[in-house]
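What follows is a set of notes on a single structure, which appears directly below.
The values are calculated or read from the model by the stated rules, or taken from the named source; none is laboratory data. Here the structure is a predicted model, which is why all the values come from computation and not from measurement. Every residue, glycine as well, gets a Cβ built from its backbone with ideal geometry; the counts of neighbours run over all protein chains shown.
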DNA sequence: TGGTAGGTACGATCGAACTCGTACCTGCTG
DNA sequence: CAGCAGGTACGAGTTCGATCGTACCTACCA
């Protein structure tokens, strides 16, 4: 069962939602940038500079969070997002590498 | 440029369309069954027994073909579908394994 | 105290995609 | 020849998702 903030546990991460989340180019871009950074790095939603409104950014980060790709933690008035690298690698080995290897668009 | 039947060449296979195609559970099921069979195996669309109408089956197979996941060849009044195993493996190593490992739904 | 910045929630819009029925074409087969 | 099975094309319905504006909350700062 997902926790209070909508994070699925490792066993709950399913391929369908993960692929649906990664089907969107903006969300792939977020995952790619997180994957390129150091492990455990946490960034704010706005630090990605997505070319959409704040409401839409929230929408995309929720999709990533509920699929189990990122973890979001409240920190003050911000919400830091980090990649669930080990969890994804455990469930779908190699998937992150494929996304990370995609050239920027 | 895709050929007359809509097959992209290996270099034209892109991650976005591939992930969009694989986001659908019925299409994942087709890929999974093809991946489980011998390399180069060709099956008719109807042999998968998808629980949807003929028109919808055609729709799904076009999505798979245009993404570059399968190759479809006319053979008499049938149209044989086979997995583009080597092509996908070359572009996105490990992806087929991830899809193939998903348990049936 | 007020303003600003980061985010969320809600409602609305718009287009894409999944679905289907129907009509049609092509081979095979009785 | 007639019928059937495998597929496609087209149009239509319906649902889903990406997007936005607005309103609102919380923390920080002048």
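Summary table
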read-out	value
Candidate set: segment B:15-39, residues that are more than 19 Å from residue B:57 (Cα to Cα) and touching a helix residue (DSSP H, G or I) at 6+ places or on another chain (Cβ under 8 Å); chosen: the one farthest from the other protein chains (Cβ to nearest Cβ)	B:39
All positions within segment A:19-36 that are touching a strand residue (DSSP E or B) at 6+ places or on another chain (Cβ under 9 Å) and loosely packed, with under 13 Cβ neighbours inside 10 Å	none
Qualifying residues in segment A:67-105 (those that are farther than 20 Å from residue B:101 by Cα, part of a loop (DSSP other than H, G, I, E, B) and more than 13 Å from chain B (Cβ to nearest Cβ)) - the one nearest to DNA strand C (Cβ to nearest atom)	A:77
Failed item, numbered, when residue B:11 is tested on (1) more than 13 Å from DNA strand C (Cβ to nearest atom); (2) loosely packed, with under 13 Cβ neighbours inside 10 Å; (3) away from chain A (no Cβ under 14 Å)	(3)
Filter pass, residue B:64 being within 14 Å of DNA strand D (Cβ to nearest atom), under 17 Å from residue B:94 (Cβ atoms) and either crowded, with 19+ Cβ neighbours inside 10 Å or more than 14 Å from every other protein chain (Cβ to nearest Cβ) (or both)	no
Residue in segment B:48-56 that is within 12 Å of DNA strand D (Cβ to nearest atom) and either buried (at least 16 other Cβ atoms within 10 Å of the Cβ) or at pLDDT below 95 (or both) present	yes
